[in-house]
Structure formats: C-alpha cells, structure tokens
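The values are calculated or read from the model by the stated rules, or taken from the named source; none is laboratory data. Quantities reported herein were computed from a predicted structural model and do not represent experimental measurements. Positions of Cβ are backbone-derived with ideal geometry, glycine not excepted, and every protein chain shown enters the neighbour counts. Side chains are part of the model used for accessible areas, which takes the heavy atoms of the whole protein and leaves out ligands, DNA and RNA. Shrake-Rupley method; radii C 1.70, N 1.55, O 1.52, S 1.80 Å.
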Amino acid sequence: GAVRAGLYTDADQVAILTPDTVDSVLFGSPTATLLEFYATWCGHCVAFSPAWKKLALDIKEWKLAVHLAAIDCANENNREVCIRFGITGYPSLRFFPAFSSNDFTGENIRGFSRDVTGLRHLIIDKLESHKNPAPPACPPLETTSTQEIDSYLKESREHNHNLAVVFEEDNSYVGREVILDMLQYVNIMVRRVLRSEEELVNRLNVTEFPSVYVYNKQSNFTRLPVLRDARAFYSYALQRLPGVVREGKPYPEVTDFVRNQTEEQWIPFNKTRVYMSDLESALHYSLRVEVASHTVIKGEALTALKDYISVLDKYFPGRPPVKNALKAVNNWLKEQKETSILYSEFSAALNTRTTDSYLPEVVRWVGCQGSKKQYRGYPCSMWTLFHTLIIQAAEAGSKDPQEVLQAMRHYVGSFFGCRPCADHFEAMAQENMDHVTTHTVAVLWLWSRHNRVNARLAGELSEDPHFPKVQWPPPDLCPSCHTLKSNGDHAWVQNKTLAFLRNYYSAQHLSNDFLS
Ligand code: FAD
C-alpha cells in the first residue's frame, strides 16, 4: 500500500517530516511551511487529521509558496526533533516563513480553527503579513488600483496574456484564494479589486461581488461566465482559458495533435460521450496483452481472471458478437477444473472466431486518446470500462453490490501492469470497500476513489497537458452536480452526480462511432 507514517500517507499532499528532512524543509527554504506536530495515539490528532489532509488537497496548487507538513512525535525516531522544538502538547501548529534560520523554532499558532476554511484563511493571513524576503513564488496578494490596471493594459497590448480581476467585498478571501490557485499557471495574471475602488467598479459596471472580469487583447474586459460566483468555479474556469497552462509543461502546439503521417490521426471526439471503441480496445489490450504476460495462470490470478470474465459476460454492454465471444470464453473458463491454466489455452478459447462471435483485435483510442503516445490510452480505458460495468450491474440489479468492485480489485491486483497503481488501489479497497452494501454506494465509491486518484496525480509528469486531471465531472459537463456550502466552499450534490453517472455510463448513451 501507500507508504504510511503515523496518521498520513505519501498519497496525502502533506510532507511527512523525519529527522533527516526536517532541516532542509524548514530552514532556508523558498517555501513557507505550516507544520503539524502530532502524536498518533492522541485522539484530538486523529480527529484533526481529516481536516489537515483536506486542507492539503485544497491548497495543493499553492505548494510553491506555502505547503503543509506533519511530524509524528509518537515515533521514537522523531522524539529528539519534537524535544528540540519544545513541543509539549498535540496537535501543535507552527508556521515557518520562507528562508527561516536554523535556530528558529517556528511561530506557535494558538487556538487555531479546526476547519478547512478557517485554516486556509489563516494561511493567507500569514502569507500577507510575511516579512521580506517573501516566498518568491507567492504572487502579490494585495488589492490593485485603477492606475496599476491601466498601466498593465498599456503594456499588455503587446502580449497575448490574460488579466483576471476579482471584484470583491472588503472582508472576502476569494480574490486571494484564486490568485494562489493560479500560481502555477502562465499567461494569466490575477489581481483583486475591492468594491470601494469606485472608479474601476463604475467603469466596468460591476454590480455583483464577488465576480471576475477577464481582459485579453481579443475580448477586452468581459465577465467570466461561471456556474456560481465562488472560488472553485473561478479557478476551474481560469485554468481552462485558451493559452493558460501550468508552468513547466510546454503547451503542445496544435500540430502535435495531428500526429505524423506514419501514426494514426487525431480523432476529434465528444467529451460528453463514452466510446465503445475505447471499451473494446480495453478488452483487447487487457486480455491479449496484459493477461498474456502470465504464461501460467493459477491461484489468486486464476480466480481474478474468472471473476473478471464472469463480470464481463454478465454486464459488458457490447455489440452482439463481442458479447457472444465473452460468453464463450466465460463458459470455457467455468469448465476448467484444474488449479492452473496456460495462457495459450485461454487465448485459443478467446480467439475462436465465428461470424457472430469475436473480439476485435484492434486498439483505437477515441475518448482516451492522448495528445502524445505516452499519455492516457489503456489506463483511461480501464477506468472507463469499470465505471461502465458498475452502472450496468446496478441497472441489472445484480444480487451482490460488490461484485464488480471485487472483480476490478482482483484484476488490478493480479494483472494491472502499473504495480504502484495496483498497490494504491488495494490500499483504498482495504480502507472501506467493505462498507459498500448497495449499488448506489458502489457507483459512488468508484467515482470518489477515482477522484482521489485524480487529485493525487494532478500536476504529475504523467498528466496530459491537454487533459488536466480535474475533479470529475467538471462544472461544464454536469452543472447540477456542483454546489456551494454556506461558507462558499465547493460541495458535490451526490444524487445529481449519481444520476449523471447513470446516464453517462449507460448502455444507451454509448457511442459506436469509430468502430472497425
Ligand atoms: P483517467 O483518470 O484515466 O480517467 C478516464 C476517464 O474517466 C476520464 O477521461 C473521464 O472521462 C472519466 N473520469 C475521470 N474521473 C472520473 C471519476 N471520478 N468518476 C467517473 N469517471 C471519471 N496512475 C498513477 O500515476 N498512479 C496511480 O496510483 C494510479 N492508480 C491507478 C489505479 C487504477 C485502478 C487505474 C485504472 C489507473 C491508475 N492510474 C494511476 C492511472 C491514472 O489514474 C490515469 O488512468 C491515467 O493517468 C490516464 O489519465 P486520464 O487523464 O486519461 O484520465
């Protein structure tokens, strides 16, 4: 599973400190740190840890300027560190500004909020009052003025940059949150203006606070269209403006999309659809390539293969010949009473082809195409396949709500070529897959775990710059799935999300375009 240290794992966006790393993280660093000293046995720390993890995820885009860390004082190895910092109670929070010197023991934060919003505001206050030198990656957080905007506009006539201006009330944190959310993105600058800056407010006829206006050469100032006026929707929309990209990732030229002559051409596709071509390609790759790496299949792997094929036979919403081929191979597998089979025997059963029973031998990614060869493709299609299967099982009212999840867990555990992925998935399954007692919970379990993986992978090198990892479905795909809590934070509307998934992954909604 994921590397675990006390209450946190390396899958959380929290830096887990050890005696070897503590100095380099806290001292002389260009990044500020908010560090939690805790003890695993302390009940308050256990109760606080979900908020700390959630906060870390919530502000992961701010990481170059400020990040969260934790150290477990209950671990013998860390005891000297905790003594050196004079820690006597848990949890304790200490703030270490950027470029702290190595005799500093951190600013003790007393009476800190236990919720994500309060802690996020605390961090912003710390960044704003940060003494010089501030973290170099931290953009200006103070309000801007008419003068500054005008001088920017003068210069920007030359550039193709975007300027986003958040208009807000005096006590609002939205502007600063969005500024920090955009810190790793280029070709965009975000500034904030208070309602009291009348000249600008009147010039743009701003009547709603908060609201965001975007300026670029083509459109001048226009209001940013969003589902709801809140941080989550602003940041999502700004990160997706044309030309706005995460730094360090060169934006692929449009010509990258049209691959060279010897390779397949880019196929334009519809993001609101699931493509049968991806599902059939997943089957082909998994059954003819991935499983083929096991010459002899026995024990747990044999059970995993049998369960996988059984679930495919029952629920794969395929074309008739594909369904027939899956039935045939399932029947063949059920007849095998030995404790092991050879892949060659399995393959012979799989590849017995008649006019009305066959599994196409082709890989053609459509919804799972990547902008380059190394991106997307097979893993994308496996998620798509299992979301589709779980929806079909729910529709069919299968007796066991865990049937598809367990088949996925065991297939991934025995065969999925990405071994760290398999370990992470198994860790999530062990955590609470046994709580799944209804089809609704099963569908939502897979959706929310997939989103957890998306959150962890956002910004990693494996991310296709054309398909950034988002919490899915994003507002443009399902507006009603999203709402706001009373404190302005984003929240999912679960029944709408469930309804969306039921439709998106339904058999009726599958697209048969691009099939060979
Ligand atoms: P994917 O994440 O593959 O998603 C495919 C499609 O599913 C998306 O295009 C979207 O249409 C839809 N979708 C996205 N999110 C959801 C959701 N929450 N619910 C329903 N549908 C959704 N890679 C790693 O680097 N580390 C890992 O630990 C890791 N674990 C993995 C575990 C499993 C079981 C699998 C199948 C893959 C794993 N991967 C992991 C690969 C990674 O998750 C992606 O599949 C890969 O990076 C390709 O990403 P993608 O952008 O094509 O979208």
When only residues in the range 327-343 that are out of contact with any helix residue (DSSP H, G or I) (no Cβ under 9 Å at 6 or more places or on another chain) and not in a loop (DSSP other than H, G, I, E, B) count, which is most open to solvent (accessible area, probe 1.4 Å)?
Glu335
So, in the range 482-516, of the ones that are away from the ligand (no atom under 11 Å from the Cβ) and under 17 Å from the mean Cα position of the chain (by Cα), which residue ends up farthest from Ile391 (Cα to Cα)?
His490
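Could you run through the range 1-51 and say how many residues are assigned to a helix (DSSP H, G or I) and closer than 11 Å to Ala69 by Cα?
From the range 1-51, those assigned to a helix (DSSP H, G or I) are 22-26, 43-51; that's our starting set.
From what's left, closer than 11 Å to Ala69 by Cα: 22, 25-26.
Result for the range 1-51: 3.
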Only one of Gly417, Gly397, Gly413, Gly377 that is within 13 Å of the ligand (Cβ to nearest atom) and on the phi > 0 side of the Ramachandran plot:
Gly377
The condition from (1) at pLDDT 95 or above; (2) over 20 Å from the mean Cα position of the chain (by Cα); (3) crowded, with 16+ Cβ neighbours inside 10 Å that Leu55 misses is numbered (2)
Residues satisfying the stated conditions in the range 482-501, i.e. open to solvent by 80 Å² or more (accessible area, probe 1.4 Å) and assigned to a helix (DSSP H, G or I)
Gln494, Asn495, Lys496
Would a scan of the range 422-430 turn up a residue that is at pLDDT 90 or above, part of a helix (DSSP H, G or I) and touching a Ser or Thr at 6+ places or on another chain (Cβ under 8 Å)?
yes
Any hit, the range 385-392, residues being open to solvent by less than 30 Å² (accessible area, probe 1.4 Å), of a type in the set (Phe, Trp, Tyr), within 18 Å of Gln494 (Cα to Cα) and near the ligand (Cβ under 9 Å from one of its atoms):
no
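Can you report the number of residues in the range 350-366 which are within 16 Å of Tyr285 (Cα to Cα) and among the small types (Gly, Ala, Ser)?
Within the range 350-366, residues that are within 16 Å of Tyr285 (Cα to Cα) and among the small types (Gly, Ala, Ser) number 0.
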Out of all the residues in the range 345-364, which are open to solvent by 30 Å² or more (accessible area, probe 1.4 Å), within 19 Å of Pro317 (Cβ to Cβ) and modelled with pLDDT of 95 or more?
Asp356, Tyr358
Does the range 406-421 hold any residues that are modelled with pLDDT under 95 and either of a type in the set (Val, Ile, Thr) or open to solvent by 40 Å² or more (accessible area, probe 1.4 Å) (or both), and which are they?
Gly417, Cys418, Arg419, Pro420, Cys421
Starting from residues that are more than 21 Å from Ser29 (Cβ to Cβ) and hydrophobic (A, V, I, L, M, F, W, C), keep the ones in the range 63-99 and report whichever is least open to solvent (accessible area, probe 1.4 Å).
Cys73
Failed item in (1) touching a strand residue (DSSP E or B) at 6+ places or on another chain (Cβ under 6 Å); (2) closer than 21 Å to Lys131 by Cβ, with Phe27 passing the rest:
(1)
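Kindly provide the set of residues from the range 468-481 that are under 27 Å from Val186 (Cβ atoms) and either more than 13 Å from the ligand (Cβ to nearest atom) or in contact (Cβ under 8 Å) with a residue 60 or more places away in the chain (or both), ordered by number.
First pass over the range 468-481, keeping only residues under 27 Å from Val186 (Cβ atoms): 468-477.
Within the range 468-481, Pro468, Val470, Pro474, Pro475, Leu477 meet the criteria.
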Condition set not in a loop (DSSP other than H, G, I, E, B) and not aromatic (Phe, Trp, Tyr), scope the range 372-388, selection nearest to Pro465 (Cα to Cα): answer is Cys380
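When the residues of the range 428-452 are narrowed to those that are of a type in the set (Gly, Ala, Ser) and surrounded by 18 or more Cβ atoms within 10 Å (Cβ to Cβ), which ends up nearest to the ligand (Cβ to nearest atom)?
Of the range 428-452, the ones of a type in the set (Gly, Ala, Ser) are 429, 442, 448.
After this cut, where a residue has to be surrounded by 18 or more Cβ atoms within 10 Å (Cβ to Cβ) as well, the list is 429, 442.
Numbers: Ala429: 10, Ala442: 13 Å.
Within the range 428-452, the match that is nearest to the ligand (Cβ to nearest atom) is Ala429.
Condition check ((1) more than 17 Å from His387 (Cα to Cα); (2) among the aromatic types (Phe, Trp, Tyr); (3) in contact with a strand residue (DSSP E or B) (Cβ under 9 Å, 6 or more places away or on another chain)) across all residues:
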site: Gln406; (1), (2), (3): no, no, no
site: Tyr411; (1), (2), (3): no, yes, no
site: Ser414; (1), (2), (3): yes, no, yes
site: Cys418; (1), (2), (3): yes, no, no
site: Phe425; (1), (2), (3): no, yes, no
site: Ala429; (1), (2), (3): no, no, no
site: Asp434; (1), (2), (3): yes, no, no
site: His439; (1), (2), (3): no, no, no
site: Ala442; (1), (2), (3): no, no, no
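Can you confirm whether the range 100-118 contains a residue that is at positive phi and surrounded by 15 or more Cβ atoms within 10 Å (Cβ to Cβ)? Explain how you work it out, then say what you get.
From the range 100-118, those at positive phi are 106, 111; that's our starting set.
Pick out the ones that are also surrounded by 15 or more Cβ atoms within 10 Å (Cβ to Cβ) and you get 106.
Yes; the residues of the range 100-118 include at least one that is at positive phi and surrounded by 15 or more Cβ atoms within 10 Å (Cβ to Cβ).
Say we look at the range 453-467 and pick out the residues that are more than 8 Å from the ligand (Cβ to nearest atom) and surrounded by 15 or more Cβ atoms within 10 Å (Cβ to Cβ); which of these is nearest to Thr440 (Cα to Cα)?
As a first pass, look at the range 453-467 and keep what is more than 8 Å from the ligand (Cβ to nearest atom): 455, 458-459, 461, 465-466.
Still in the running and surrounded by 15 or more Cβ atoms within 10 Å (Cβ to Cβ): 455, 458-459, 465-466.
Details: Ala455: 22, Ala458: 27, Gly459: 31, Pro465: 33, His466: 32 Å.
Here the residue is Ala455.
Residues are listed down the side, and each one gets a yes or a no for (1) at pLDDT below 95; (2) more than 30 Å from Val470 (Cβ to Cβ); (3) within 16 Å of the ligand (Cβ to nearest atom):
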| position | (1), (2), (3) |
| --- | --- |
| Glu264 | yes, no, no |
| Lys271 | yes, no, yes |
| Ala282 | no, no, yes |
| Thr295 | yes, yes, no |
| Leu302 | no, yes, no |
| Val322 | no, yes, no |
Give me a count of the residues in the range 293-322 that are touching a Leu at 6+ places or on another chain (Cβ under 9 Å) and open to solvent by 70 Å² or more (accessible area, probe 1.4 Å).
3
In the range 124-176, anything over 31 Å from the mean Cα position of the chain (by Cα) and either part of a helix (DSSP H, G or I) or of a type in the set (Phe, Trp, Tyr) (or both) is listed as Thr146, Gln147, Glu148, Ile149, Asp150, Ser151, Tyr152, Leu153, Lys154, Glu155, Ser156
